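Below is one structure, written out as C-alpha cells; comments come after it.
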Amino acid sequence: MKPPFFWRSPCPVVAPRLLRPADAGGCARLHATSFAHPWPAEEFEALLADSACVGDGAGEKGEVAGFILSRRALDEAEVLTVVVDPAIRRGGCAGRLLGAHLARLAAFGVAKVFLEVEEGNAAALALYRRFGFSVEGKRKNYYARTDGGRGDALIMRRLLS
C-alpha cells in the first residue's frame, strides 16, 4: 500500500547540484516515471554536454531524485523538463530545484524564462504560478498521453530582471 502524501520524505538535499553528462542515466530513468514518451539517456547526455543547457539535480550520493533542465539562448531560457521522483513528490523538492535553477539562470544573464506545461497538470501549474510564471499562450494537442490522446500545453513566462 502506498503511504499518504504527508508521510513521504522531503527533498533529499537542500542545495541542488549542477548536473553533468554522467547523470544522464539517472535522468533518463527518472524521466521515464513521469512521461508517456521519455527521453533516452543518450538525449540527456547530449543535452548535459551542451554549453547552452543548464541542469540542476537533487539527490544523495550521486543519485538523481529530481532535476530541471533548461536551454539558454542570449538572454532567454526555455525549461525543457522538470521531474521529481514520485516517492518524494509534495516534499518541496520541485520548489527547491526551480528556485535554485532560476537563480542560476539569472547569474548567466537570462532575463526571460519560458516553459510549456500540460494544461491539466494542476500541481505543476501551482508551482509555476507560485514562482511568478504567467500564462502567455497555448499549444493545442502538444503532449502525447499514455492513453493515446493528446493534451494542450500552456506556454508560461517569467521575467528574471
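Along the principal axes of its C-alpha atoms, what lengths does the stretch 16-159 span, in descending order and rounded to whole Å?
37, 36, 29
For Lys112, which aspartates and glutamates qualify as cross-link partners when the Cα separation must be under 12 Å and same-chain residues fewer than eight apart are set aside?
Output for Lys112: Asp75, Glu76, Glu78.
Just to verify a number: FRET efficiency for Glu42 and Ala87, C-beta to C-beta distance, R0 = 30 Å, to 0.05?
Efficiency at R0 = 30 Å is approximately 0.70.
Arranged by the count of other C-beta atoms within 10 angstrom, fewest first, what order do Val135, Val110 take?
Neighbour counts put them in this order, fewest first: Val135, Val110.
How long are the semi-axes of the ellipsoid equivalent to the stretch 110-151, from square roots of 5 times the Cα gyration tensor eigenvalues, in whole Å, largest first?
22, 12, 8
Residue by residue, what Karplus-based ³J(HN,Hα) values in Hz, rounded to whole numbers, does the stretch 24-41 have, using 6.51, -1.76 and 1.60 with θ = phi - 60° and x for Gly and Pro?
4, x, x, 5, 5, 4, 5, 4, 5, 7, 10, 10, 5, 10, x, 7, x, 4
Obtain the radius of gyration and the Kirkwood radius of the stretch 59-119 from its C-alpha atoms and give Rg over Rh.
1.00
Under the Karplus relation 6.51 cos²θ - 1.76 cosθ + 1.60, θ = phi - 60°, what is the ordered set of whole-Hz ³J(HN,Hα) values for the stretch 97-113, x standing for Gly and Pro?
4, 5, x, 5, 5, 4, 5, 5, 4, 4, 5, 7, x, 6, 9, 9, 10
Using Cβ contacts closer than 10 Å as the measure, can you line up Lys138, Lys61, Lys112 from fewest to most?
With the fewest neighbours first, Lys138, Lys61, Lys112 line up as Lys61, Lys138, Lys112.
Report the residues of the stretch 145-161 in range of a label on Lys112: point 7 Å along Cα→C-beta, backbone N strictly under 14 Å from it.
Hits in the stretch 145-161 for Lys112 at 14 Å: 155-161.
Which whole-Hz couplings ³J(HN,Hα) result when phi for each residue of the stretch 66-77 is put into the Karplus expression 6.51 cos²θ - 1.76 cosθ + 1.60, θ = phi - 60°, listed in order with x for Gly and Pro?
Those phi angles translate into x, 7, 9, 9, 10, 10, 9, 8, 6, 9, 10, 9 Hz.
With springs only between Cα atoms under 10 Å apart, run a GNM on the chain and tell me which of Ser70, Ser51, Ser134 wobbles the most.
The residue with the greatest mean-square fluctuation here is Ser51.
Bear in mind that the values in this text are calculations on the coordinates, not laboratory data. None of the values given here were measured: they were computed from a predicted structure. For neighbour counting, all protein chains shown are included, and Cβ atoms are generated from backbone atoms with ideal geometry for every residue, glycine included.
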